[in-house]
Amino acid sequence: MSTQHRQRLKDIDNTGFGPNSSIEGGRLVNADGSTNLRKRGIPVWERISVYHTLLRMKTSHFLIFVLVLYTSVNLFFAGLFVINGVEHLSGAEDTHTFFDKFMEAFFFSSQTLTTVGYGKIAPSGMMANTIASTESLVGILIFAVMTGLIYGRFSRPRAYLLFSPNILIAPYKDGKALMLRIASYKNNHLTDVEAQLTLGIHEHENGKIVTRFYPLKLEFAKINSLALSWTIVHHITDESPLHNITKEEVEQSKMEVIVNVKAFDDHFSNIVQQRTSYIYSQVIYGAKFLPMFERAPNGEYTILELHKINAHEMVKLPEHTHNRTA
C-alpha cells in the first residue's frame with residue numbers, strides 16, 4: 001500500500017475528525033463507539049451533561065450512584081436532626097451514645113425521604129417539622145428524577161450488536177478482502193441494516209503527520225434483515241486504499257477502520273445505530289471466518305453460536321492482486 005496510490009484516490013473530510021490529527025498509538029473511536037477525546041478549556045460542570053452521563057452510565061455504576069446518593073441525602077438530613085436535637089423527634093428511644101442518637105435520626109430520615117412514615121417517630125417543634133418537610137420535598141423530587149432516568153435507561157433504543165473482536169484480511173474471489181462480522185445478541189429484530197466503513201490512516205505530508213480518511217466500498221452495504229450473522233466485506237481491488245497491502249504494512253500503518261451500523265428495530269419502532277473501530281493491532285492478516293450457525297438436531301430451527309463471532313482459521317493469501325472493480 002503506497003502513499004502515491006492513495007493520493008490518486010478521493011479521500012473524505014466530512015468524518016468529523018480533522019486532517020491534522022496526529023494521534024500516534026491511539027485511536028479516534030473506542031471499541032464501544034465513543035470518541036477517544038478529552039475536552040478542556042471550560043469548567044468541568046459546563047462541559048458535562050449530568051442527564052446524558054447518568055443515561056449512558058453502566059448499570060452497575062448507576063446502581064452504585066443511586067445507593068451513594070440515597071445514603072448521602074439521609075446522612076445530611078440525619079445530621080440536621082441531630083444538630084436540632086433528637087429530643088425533638090417524639091417517639092425516639094432515649095439513648096445516651098451519639099451513635100445511637102444518630103442512627104435514630106438516620107432511620108427517621110430514610111422513612112421521611114421515602115414517605116413511608118411508620119408512625120413510631122414524629123417531628124416535634126417548628127425546626128424539626130421544617131427539616132422533615134424539606135426532606136419530604138427533596139425525596140419527591142429525587143424519586144421523580146430517578147424514575148425518569150430508570151425509564152429512560154430501560155426504554156432507550158439500542159442496536160444490541162455484537163462485533164467480532166478482530167477484523168480479517170481474507171481470501172475473496174480472485175484476491176482478498178477486509179472482513180468483519182456482526183450479529184444481534186438480543187431477541188430483537190433488526191431490518192434495513194446498513195453498514196459504512198471508513199479507513200483512517202496517518203500519512204507524512206510536508207514534514208508533519210496528517211490523517212486521511214477513505215471510504216471503503218462494500219460488496220453489500222445494506223441487508224434486509226439481520227436474522228443471523230452478517231460478514232461485512234470490503235473487496236480489496238486496485239481501486240482500494242488497501243491495494244496490495246502486506247502484513248508488515250498493516251503492522252506499520254497505524255491504520256484504523258471506523259465502522260458505523262444503522263438499522264430499524266421492530267420492537268422500538270425506531271432507527272438504532274452502533275459504532276466501533278478497529279486499529280492495526282486488531283487486524284489479522286491471512287485468516288477467514290468459520291461458520292457460526294448450524295441446523296438444530298431435530299431440523300426445526302437454526303442455532304446461532306454467538307461465542308463463535310470471532311472464530312477463524314489462518315489461510316494463505318495471494319501477495320498481489322491486479323483485479324479491478326466493475
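With no solvent and one equal point scatterer per Cα, compute the Debye intensity ratio I(q)/I(0) for the chain at 0.07, 0.12, 0.15 Å⁻¹ and report its log10, rounded to two decimals.
Here the Debye-derived log intensity ratios amount to -0.49, -0.91, -1.22.
Nearest 0.05, what FRET efficiency do Tyr118 and Lys217 give at R0 = 56 Å with Cβ-Cβ as r?
0.25
Taking the Cβ of Gly91 as the center, what net charge do the other residues with Cβ under 13 Å away carry, scoring Lys and Arg +1 and Asp and Glu -1?
Net charge around Gly91: -3.
Using only the alpha-carbon atoms, how far is helix 126-155 inclined from the longest principal axis of the chain? Give it as 0 to 90 degrees, nearest 10.
Helix 126-155 sits roughly 20 degrees off the main axis of the chain.
So who's got an amide H within less than 5 Å of the one on Tyr172, skipping anything under 5 residues away but keeping other chains? H placed 1.01 Å off N, in plane.
Ala177
Could you tally the net charge around Lys58, taking each other residue with its Cβ under 12 Å from the Cβ of Lys58, Lys/Arg +1 and Asp/Glu -1?
My count for the surroundings of Lys58 gives +1.
Per 0.36 nm of contour for each residue apart, how much would the distance between Ser133 and His96 grow if the chain were fully extended, relative to their Cα-Cα spacing?
10.6 nm
Near Arg38, within a Cβ-to-Cβ distance under 14 Å, what is the net charge of the other residues, with Lys and Arg +1 and Asp and Glu -1?
That works out to +4.
Taking R0 as 41 Å, what's the FRET efficiency between Ala311 and Ile42 from their Cβ-Cβ distance, rounded to 0.05?
0.30
Once amide H atoms are placed 1.01 Å from N in the peptide plane, what residues at a sequence separation of 5 or more from Val233, or on another chain, have their amide H within under 5 Å of its amide H?
So Val233 has HN proximity to Glu219, Phe220.
Assuming R0 = 51 Å, can you tell me the calculated FRET efficiency for the pair Leu304 and Thr53, based on Cβ-Cβ distance, to the nearest 0.05?
Values: r = 34 Å, r/R0 = 0.67.
Computed FRET efficiency for Leu304 and Thr53: 0.90.
A short reminder: the numbers here are calculations on the coordinates, not readings from a lab. Here the structure is a predicted model, which means the values were calculated and not measured. Reconstructed Cβ throughout: ideal geometry from the backbone, glycine too, with neighbour counts over all protein chains shown.
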